[in-house]
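Everything on this sheet refers to the single structure shown next.
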Amino acid sequence: MNAAPKLNDGQSTSQLAAMIRVARPHQWIKNSLVLAALVFGQRLLVFRDVVLAITAFIAFCALASAGYVLNDIVDRDADRLNPEKCDRPLARGDLTVAAAGRFALTLAAIAAVLSIVLGRQFIGIALMYAALQLIYSLWAKHQVIIDVIAVAIGFVLRAFAGGIAIQVEVSPWLVFITFVLALFLVLARRRHELIALGDDAIAHRSALSQYSVRLVDQMIAIVAGATLVSYMIYTASAEVEAKLDTTHLYLTVPFVAFGILRYLYLIDERNEGGDPASALIHDVPLMLAVALWILTDIALLYF
């Protein structure tokens, strides 16, 4: 029996680079929602909870990347037709389906081990998220409206996971605000796909045939307004003031308002709604608004 051919150093490096790219580490910024319960549950100065929250963050990064790999395996033919996704490793042929499958299983195994460490309830959330990723890749992404709701639910599960990891009750406010904000970001992405792909949009994602830029703009207007108003009500709520022992959380509203309006500007004037994580990393005003919002929250909640 002939031995399997060995990869030389150059090929190994290329394979590793392709695996890193398919895992999309820049998207891990979305998993920062796992840390929301740590900050707003006022456990940021508790060492044990910080360790547990970071472990949960890593688990979700591995789980999310496994989902990205699965999605790229399923979408590799459609991605070859997309000018923005045709250079993905599986679409280009830099990574084989078999190698990508093994990589996804490895990531899933890492997530499983960390989930076991974090306990039974966390395992339940992780399994729900994994099931959602599978359903989305194989079915939901092709169903109009269901596709954006499925992605938004994934964000909500991240928030719940952070609370469960440190045994902090997740506020209904956090769930609602996370859900509408996620809808806002996903709809912005659909708008970008419609404009960037034009007549080829349907070939890339069948659900796009049911959307129009006008319809998506109406949806964005609704959820953007809901996000801002709900956050305003949250910061002024007497219940929240009593629970968090602060009466000045409303001071963070300007940062949230600027962030939402800035992102709307990027969507409409620059057509940069295709990748929220990339927009946050590369747009300095947006990044500053988010950083100042986080720092102000910490200052008001802890000092």
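The values are calculated or read from the model by the stated rules, or taken from the named source; none is laboratory data. What you see is a predicted model, and the numbers here were worked out from it, not measured in a lab. Here Cβ is always computed from backbone atoms with ideal geometry, including for glycine, and neighbour counts include all displayed protein chains.
Within segment 139-154, the set of residues being within 27 Å of SER115 (Cα to Cα) and part of a helix (DSSP H, G or I) comprises ALA140, LYS141, ASP147, VAL148, ILE149, ALA150, VAL151, ALA152, ILE153, GLY154. The number of residues in segment 278-303 that are buried (at least 16 other Cβ atoms within 10 Å of the Cβ) and either within 17 Å of GLN27 (Cα to Cα) or in contact (Cβ under 8 Å) with a residue 40 or more places away in the chain (or both) comes to 10. Any chance segment 45-66 includes a residue that's assigned by TED's automatic domain parsing to the domain that holds ILE116, polar (S, T, N, Q), assigned to a helix (DSSP H, G or I) and at pLDDT 90 or above? Yes, that holds for at least one residue. Of the residues making up segment 187-200, at least one is basic (Lys, Arg), more than 23 Å from ASN31 (Cβ to Cβ), touching a residue at least 12 places away in the same chain (Cβ under 8 Å) and surrounded by 20 or more Cβ atoms within 10 Å (Cβ to Cβ). Reported count of residues in segment 248-277, each being of a type in the set (A, V, I, L, M, F, W, C) and touching a residue at least 40 places away in the same chain (Cβ under 8 Å), is 7.
The residue list ILE294, ILE267, ILE260 contains one member that is modelled with pLDDT of 95 or more and under 18 Å from ARG190 (Cβ atoms), which is ILE260. A residue that is out of contact with any Pro (no Cβ under 7 Å at 6 or more places or on another chain), assigned by TED's automatic domain parsing to the domain that holds VAL175, within 14 Å of LEU181 (Cβ to Cβ) and of a type in the set (Phe, Trp, Tyr) can be found somewhere in segment 222-238.
Between ALA99, ALA126, the distinction of being within 20 Å of the chain's Cα centre (by Cα), of a type outside the set (Phe, Trp, Tyr) and assigned to a helix (DSSP H, G or I) belongs to ALA126 only.
Of all residues in segment 109-121, those satisfying the criterion of being assigned to a helix (DSSP H, G or I) and either in the same structural domain as SER206 (by TED's automatic domain parsing) or over 11 Å from LEU63 (Cβ atoms) (or both) are VAL113, ILE116, VAL117, LEU118, ARG120, GLN121. A Cβ distance below 8 Å, combined with a sequence gap of six or more or placement on separate chains, defines the contacts here; from segment 59-78, residues that are over 13 Å from ARG24 (Cα atoms) reach residues that are outside any helix (DSSP H, G or I) in the pairs ASP75/LYS85; ARG76/ARG88; ALA78/ARG205.
The set of residues in segment 155-172 being surrounded by fewer than 19 Cβ atoms within 10 Å (Cβ to Cβ) and assigned to a loop (DSSP other than H, G, I, E, B) consists of GLN167, VAL168, GLU169.
Looking at VAL34, VAL22, VAL69, just one residue is closer than 25 Å to ILE177 by Cβ, buried (at least 21 other Cβ atoms within 10 Å of the Cβ) and of a type in the set (A, V, I, L, M, F, W, C), and that residue is VAL34.
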